[in-house]
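Values quoted throughout were computed directly from the atomic coordinates according to the rules given, and no laboratory measurement underlies them. Source: prediction; values computed, not measured. Counting neighbours? That spans all protein chains shown, and the Cβs are built from the backbone with ideal geometry, glycine included.
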Amino acid sequence: MSHNPLEAFGAWVATTSDDWHAEARASAHRELIDIVAVMIPGAIEPATQIALKTMARWGLGDCAIVGSEHRLSAPFAALVNGTAGHALDLDDNFDPPKAHATTVLAPALFALGEEIDASGEAIIDAYIVGLQIMGRVGQGVNPTHRNRGWHATATVGALGAAAACARLLKLDQPKATAAISIATSMAAGFMSQFGTMTKPLHAGLAAKAGVMAASLARDGLTAGMETLDGRTGMNRLMVGPDYESLRDAIQNPEHGQVLRFETQAVGEPLLITHHAFG
């Protein structure tokens, strides 16, 4: 296995098998249904309506917007639907990333999947892959990342969405790695935005980043190999002295990582250790 976390993630996204345990598939299916149910009331929230108005002004496309007759291009649809999914804070929570995972991953995959006419099975597979990457990165950067004021839904979420979209596009190892690297340059969001309309926008921006990063990588855009763990990479800049924990997270994944529905006290176990990195 590569000692470079970015390369290890890219290789895993491109090559891991899709023979997920039935429980993982069932959980993923339930999460995707849940986020659509959350997007529906979120679609009429002011943050979502403003995002839709702005994105529609810049041009329409072929991808559906929940609760609207508008259709937008894939990146803009991901942004609007991601904002809707997080507007009411009823979307799931994922530990250890400390992030709202599905409201980033699902809008990105729904939009890109519609663009390329992907199957439901392919979307579920890509969703699980993106969740795995979010779990590993989140385990590596937290709690320091969050304690420094970063909103992991926006930061770790962007990387997970890029990995998920790379999987959906069936990118090879170099391009999957590039997609995640490109996403590190789009990963941003501060907890100081909590309580404002920009907080749900963070989810939309991360979903948009995933679609864009994977699409740019597919079309040949190159990116650095040190942007995640290098001296001036995302991990050291956003985590600091504890940066080595990211490499530990790849080799020693945390068991029993949990994806929790906001409306339930009991979470569902995520089988992130079903497929080993190596």
With Cα atoms, 0 to 90° folded angle of helix 74-86 axis to the chain main axis: 90 degrees
Phi to ³J(HN,Hα) by Karplus 6.51 cos²θ - 1.76 cosθ + 1.60 over the range 204-213, Hz, x for Gly, Pro: x, 5, 5, 5, 4, 4, x, 4, 5, 4
Folded to 0 to 90 degrees: helix 102-116 orientation relative to the chain principal axis, Cα: 80 degrees
Relative exposure of Ser215, Ser17, Ser185, Ser68, judged by other C-beta atoms within 10 Å (fewest first): Ser17, Ser185, Ser68, Ser215
Highest-MSF residue in the chain out of Thr83, Thr144, Thr177 [GNM, Cα springs under 10 Å]: Thr144
Long-range amide H partners of Gly61 with built H, under 5 Å: Arg71, Leu72, Ser73
Whole-percent pair-distance distribution, where bins are 5 Å wide, for the alpha carbons of the range 82-191: 2, 14, 23, 25, 20, 10, 4, 1, 0
Cross-link partners of Lys53 among lysines (Cα-Cα below 25 Å; sequence separation of 8 or more within a chain): Lys199, Lys208
Cβ-based exposure ranking for Phe194, Phe76, in which fewest neighbours within 10 Å come first: Phe194, Phe76
